[in-house]
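Novice: Can you read through this structure? Questions will come right after.
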């Protein structure tokens, strides 16, 4: 049994991030995705496979073609995980602002 791929390792790769950006605009076939890169179609297919295994993209059969599209639910999961850090950083910046304001007042 293969271990499930880590979603953050998947999005760490710039090619896969570009694929996700392309798919955020519209569903595409593997060939259409590959046209945006200087890599071989086989290399791009491997990237698509990794994104599919992480459930970041979904496949949809339309006639004889397979289209890939972004899985918004998985992207939301990443966003929710990151949100906790955004809030933490925002709190720290606000605290730093308070300290700087106090120091400024003390100098006057």
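Laboratory data are not the source of any read-out in this text; all were calculated from the coordinates shown. Note that this is a predicted model, so its numbers are computed, not measured. Reconstructed Cβ throughout: ideal geometry from the backbone, glycine too, with neighbour counts over all protein chains shown.
Novice: Being more than 15 Å from residue 21 (Cα to Cα), more than 16 Å from the chain's Cα centre (by Cα) and part of a helix (DSSP H, G or I) is the requirement here; does residue 80 meet it?
Specialist: Answer is no for this residue.
Novice: Consider only pairs whose beta carbons are under 8 Å apart and that are at least six residues apart or on different chains; among these, list those whose first residue lies in the stretch 93-108 and is surrounded by 10 or more Cβ atoms within 10 Å (Cβ to Cβ) and whose second residue is in a helix (DSSP H, G or I).
Specialist: none
Novice: Would you call residue 59 without any contact (Cβ under 8 Å) to a residue 24 or more places away in the chain, out of contact with any helix residue (DSSP H, G or I) (no Cβ under 6 Å at 6 or more places or on another chain) and outside any helix (DSSP H, G or I)?
Specialist: Taking the combined requirement at face value, the residue satisfies it.
Novice: Is it true that residue 49 is out of contact with any helix residue (DSSP H, G or I) (no Cβ under 7 Å at 6 or more places or on another chain) and surrounded by 12 or more Cβ atoms within 10 Å (Cβ to Cβ)?
Specialist: yes
Novice: Now, a different point. Just checking, does the stretch 30-43 include any residue being under 17 Å from the mean Cα position of the chain (by Cα) and outside any helix (DSSP H, G or I)?
Specialist: No; the residues of the stretch 30-43 include none that is under 17 Å from the mean Cα position of the chain (by Cα) and outside any helix (DSSP H, G or I).
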